[in-house]
Amino acid sequence: MGVALNPYKVLGVKEGASQREVKIAFRRLAVRYHPDKNPDRRAWSEEKFRQVYAAYETLLAQLERKNRRQSLQERMKAEPEKPEEPYFLRRSDPKSRSLTILHMLLNGDKEDAVHMFQEMLREHGVSVLASFLPRRDFLDCQFLIAEALEEKGNLHLAAALLRQLVEKEADRRYPWHYVPVVVEKLKDLYLRKLPRSSSPEQALKWYEESESLGLSAREKGRVAQGKAEAFLSLGKIGKAVRHFREAERFGNASRSLDRLRVSLSGHL
């Protein structure tokens, strides 16, 4: 799997940028990197243009999702009478319950959505949503339920669901346009949030899981440093030193790396 680029960084906009800001950034970069503007570096410019266009599509889709959710909420507030509830809310078969979870998530009812999902998880296993929802509904629902679980502190399950989503899309000719955002969230879990709450042995497993996600040089340096810290905690000094030296080669200067250097000073 190639490196999944952060669409905000590619376009040079802040998270939460408006649709207008995204479009302006895209137009500016599309002109800069257009192959016709860079005849001497055509392969490079084609790759940069592809990255910019992919980032633009990803952020537009994200904004459309946000607008759809806001529109739905505003419409529901504006309607004086309660609309007829969807058919699946009255049924208890697995597909209807899966659609109900998505409905709850889109309406901000995360607590009940998580509760119902956990019930279905016990009955049908981790592939429950993929088993009973069409692909587009599955992708939306799996991503949103993972976000809700992460907010509740269930990081292990959130990571497992995001990982499953990425793996299911990996071999598709036209994968879901939101996959780069999912990969960034998964990296954040593997490289920061999960190791913080894990034993050194488990932290090493999270770092190893991250290595198949297409890490940047900086992220590889973070993995090397994390492994060095874990091995130091386990008393495996030789391995700690080896990974510390690897982290240094990536050039990620930080206070935590300086502290690690002090801890290993007698062995370097």
Inside the stretch 236-261, can you point out the residues that are in a loop (DSSP other than H, G, I, E, B) and modelled with pLDDT under 95? F250, G251, N252, A253, S254
Qualifying residue in the stretch 177-192 (condition: among the hydrophobic types (A, V, I, L, M, F, W, C), in contact (Cβ under 8 Å) with a residue 40 or more places away in the chain and touching an Asp or Glu at 6+ places or on another chain (Cβ under 6 Å)): yes
Which number in (1) farther than 19 Å from A146 by Cβ; (2) assigned by the TED database to the domain that holds R136; (3) at pLDDT 90 or above marks the one condition that V183 misses? (1)
Within the stretch 8-27, of all residues that are not small (G, A, S) and not in a helix (DSSP H, G or I), the one surrounded by the most Cβ atoms within 10 Å (Cβ to Cβ) is V13
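Specify the residue that is nearest to R163 (Cα to Cα); the eligible residues are those in the stretch 131-144 that are surrounded by fewer than 17 Cβ atoms within 10 Å (Cβ to Cβ) and not charged (D, E, K, R). Show your work before the answer.
First pass over the stretch 131-144, keeping only residues surrounded by fewer than 17 Cβ atoms within 10 Å (Cβ to Cβ): 131, 134-137.
Checking which are not charged (D, E, K, R) leaves us with 131, 134.
Working: S131: 16, P134: 18 Å.
Going through the qualifying residues, I end up with S131.
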Condition test on Y190, is it in contact with a Gly (Cβ under 9 Å, 6 or more places away or on another chain), surrounded by 15 or more Cβ atoms within 10 Å (Cβ to Cβ) and hydroxyl-bearing (S, T, Y)? no
Any idea how many residues of the stretch 212-229 are under 15 Å from the mean Cα position of the chain (by Cα) and either without any contact (Cβ under 8 Å) to a residue 12 or more places away in the chain or crowded, with 23+ Cβ neighbours inside 10 Å (or both)? 0
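The values are calculated or read from the model by the stated rules, or taken from the named source; none is laboratory data. Since the model is a prediction, treat every value here as computed from it, not as a measurement. Note that we place each Cβ from the backbone using ideal geometry, even for glycine, and neighbour counts take in every protein chain shown.
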